[in-house]
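Enquirer: Before I ask anything, let me first share the structure, which is written out below as structure tokens.
The values are calculated or read from the model by the stated rules, or taken from the named source; none is laboratory data. Nothing here was measured: the structure is a model prediction, and the numbers come from that model. No Cβ is skipped: glycine too gets one built from the backbone with ideal geometry, and neighbour counts run over all protein chains shown. To get the accessible areas, we keep the full protein, side chains included, count just its heavy atoms, and leave off ligands, DNA and RNA. Shrake-Rupley method; radii C 1.70, N 1.55, O 1.52, S 1.80 Å.
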Amino acid sequence: MPKRDMLGSISRALVGVSEEYHGLLLDILNKLQGRDHVNFYDNLKQFVRDWKAPVHFARDGAVIYLDTVFTTSVNETTGSFDYTTAEAAFRKYFSPKFAEYGIIFSGIAEYSSMTVRKLIQDGTFLDFIGNTAAVLEERRVLGAQFLDFCMQEQKWNIGGAKSTGVFVLTRGDEPVSDDLSNVYVAMVNGSKTNSRADIFPISDPRIVKEKSRIKLCYVIDDPDN
């Protein structure tokens with residue numbers, strides 16, 4: 001397409017772009033004419049080529065709430081973690097409810113992997129973390145794995161301070177009970193120097209009934225469970 005025709009097409013396309021994206025578009029244009037424009041162009045081109053819109057609905061009409069972001073490693077845990085470790089890991093706040101609910105951090109697990117899944121469709125927490133023993137058992141991680149993952153801040157804080165990591169834990173690292181009475185939902189957010197961890201029983205009304213108000217939520221599970 002001739003250069004003049006291309007500029008005309010760009011101008012017409014801009015008319016349909018929401019005003020809230022104009023700042024980002026300007027930033028992209030500036031980078032395309034900046035000192036490192038070749039490298040930026042190559043990376044942007046690769047991203048656009050590989051990006052696929054998430055599919056929100058399965059073929060049977062069921063809503064898909066989560067989309068896989070990446071799978072990463074979790075270190076071997078040797079039973080050396082305790083509540084002192086946890087309190088030191090979360091600089092801003094570590095809920096005393098972890099102890100009240102019987103969450104332990106001394107579990108032993110081999111070097112393994114965890115999958116990080118991003119929330120792509122609004123719903124209650126039970127909608128996207130699961131509401132059956134079978135699904136929650138797949139999502140469950142050991143308290144020690146949860147703590148190790150969170151101490152590796154670059155892995156869970158991928159969305160910045162406004163993101164939230166959601167983990168399924170059980171009392172004493174037990175398998176998920178059929179009545180879900182030993183299941184808890186841990187929520188982690190903030191940065192390495194300003195992080196906090198809260199925990200709620202899965203029966204808590206905030207988990208069961210309320211729509212998630214979290215804009216950027218990452219559910220972490222163990223794909224080997």
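Enquirer: Would you check if there is a residue in region 53-70 being at pLDDT below 85, in a strand (DSSP E or B), open to solvent by 90 Å² or more (accessible area, probe 1.4 Å) and on the phi < 0 side of the Ramachandran plot?
Expert: So in region 53-70, the residues at pLDDT below 85 come out as 53-70.
Next, from what is left, pick out any that are in a strand (DSSP E or B): 57, 63, 66-70.
Right, trim to open to solvent by 90 Å² or more (accessible area, probe 1.4 Å) and you get 57.
Going one step further and asking which of them are on the phi < 0 side of the Ramachandran plot, we end up with 57.
Yes, because at least one residue in region 53-70 is at pLDDT below 85, in a strand (DSSP E or B), open to solvent by 90 Å² or more (accessible area, probe 1.4 Å) and on the phi < 0 side of the Ramachandran plot.
Enquirer: Quick check on my filter: what residues within region 75-99 are within 19 Å of Thr170 (Cβ to Cβ) and of a type in the set (Gly, Ala, Ser)?
Expert: Hits for region 75-99 are Gly79, Ala86, Ser95, Ala99.
Enquirer: Where residues in region 129-180 are among the polar types (S, T, N, Q) and modelled with pLDDT of 85 or more, which of them is most open to solvent (accessible area, probe 1.4 Å)? Give the derivation first.
Expert: The initial filter retains those residues of region 129-180 that are among the polar types (S, T, N, Q), namely 131-132, 145, 152, 154, 157, 163-164, 170, 177.
Subsequent filtering for residues that are modelled with pLDDT of 85 or more retains 131-132, 145, 170, 177.
Numbers: Asn131: 96, Thr132: 61, Gln145: 11, Thr170: 1, Ser177: 30 Å².
Here the answer is Asn131.
Enquirer: Follow-up. Residue pairs, Cβ under 6 Å, 6 or more apart or interchain, first in region 92-112 and surrounded by fewer than 18 Cβ atoms within 10 Å (Cβ to Cβ), second hydroxyl-bearing (Ser, Thr, Tyr) and assigned to a loop (DSSP other than H, G, I, E, B). List them.
Expert: These pairs meet every condition: Lys92/Ser195.
The rows are residues; the columns are (1) modelled with pLDDT of 85 or more; (2) under 24 Å from Asp67 (Cα atoms); (3) in contact with a strand residue (DSSP E or B) (Cβ under 8 Å, 6 or more places away or on another chain); (4) part of a helix (DSSP H, G or I).
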{"site": "Ala186", "(1), (2), (3), (4)": "yes, yes, yes, no"}
{"site": "Lys192", "(1), (2), (3), (4)": "no, no, no, no"}
{"site": "Asp198", "(1), (2), (3), (4)": "yes, yes, yes, no"}
{"site": "Ser203", "(1), (2), (3), (4)": "yes, no, no, no"}
{"site": "Tyr218", "(1), (2), (3), (4)": "no, yes, yes, no"}
{"site": "Pro223", "(1), (2), (3), (4)": "no, yes, yes, no"}
